[in-house]
Amino acid sequence: MAVKPSVKRVVLLVLCVAAVVVALALTAVLLFKGDGGGVAEVSRDEYPVWGVDVSAHNGEIDFDRVKADGMDFVIIKATEGGGFKDRRFHSNYTRAKEAGLKVGAYHFFRVDVTGYMQGLIFYHSIKGLDLDLPVVVDLEEWANPRESTTEIVMARLNEFVSYMERHGYRVMVYTNKDGYERFVKYRMDSSPLWIATFTRPEQGVDWQLWQFSHRGKVDGIDSKVDMNVFNGSNKEWRQWIGR
């Protein structure tokens, strides 16, 4: 014969279920729109300024909806290496500006191409545009030839940075923790840093932007998108971009 559960057991079961629901809700708030797969916990209270970075791979984007969904800035891919131009760069730039987002542009750096040639294509792609953020050089090891020495990479990177600075641009470096240790630390400490890591940036690293997820969900973008925060308050953000 089945034994009916006691009232005490039922109450305990209800309380346990309620606790799990509350915990899940808090996790959703902390993760904002990330999918939770290895994504660092990021709070709007701690980091009030949020943004995304996009390229043609993200497809057609409704930047008005992106803005309405709480994003403050977007950084758009313009060029790569010495001969590739992102086909959606100019349309993305125009629509993002019209939506009222702060806009930046980035160049994906190829270590097997001279810095001069990369600076040339990037400069002529962004020349005359009203960019709000420092221009970005995206420095990643995984998509580049492994045989290039650190000395060769740094020589080409410095050539690129010098070219952009001669044309009046301040250059921010995007990289992950490994790239920071190899290329940035003690070598480019004076440059603004955009760090990519799914855990919190390490203490002592002076960063301005943090990319904490590659799989965010933002209204107006059908695909998963990179999520970023600024390291400071709204006031500090306005001071940093000079607006």
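All of the numbers you see were taken from the coordinates with simple rules; none came from a lab. What you are looking at is a predicted structure, and each value in this text was computed from that prediction instead of being measured. Heads up, the Cβs are rebuilt from the backbone with ideal geometry, glycines too, and the neighbour counts pull from every protein chain shown.
Here are a few things to note about the model shown:
- Kirkwood Rh in Å, taken over all unlike Cα pairs in the stretch 42-241: 17.0 Å
- Qualifying trypsin sites (Lys or Arg not before Pro) in the stretch 51-139, where qualification requires a DSSP coil assignment and no more than 13 other C-beta atoms within 10 Å, comprise 87, 127.
- Reachable aspartates and glutamates from residue 235, criterion Cα separation under 12 angstrom, eight or more residues apart if same chain: none
- C-alpha center-to-center spacing [the stretch 207-230, the stretch 87-150] in angstrom: 17 Å
- Length added when fully stretched, residue 85-residue 181, from 0.36 nm per residue minus Cα-Cα: 31.7 nm
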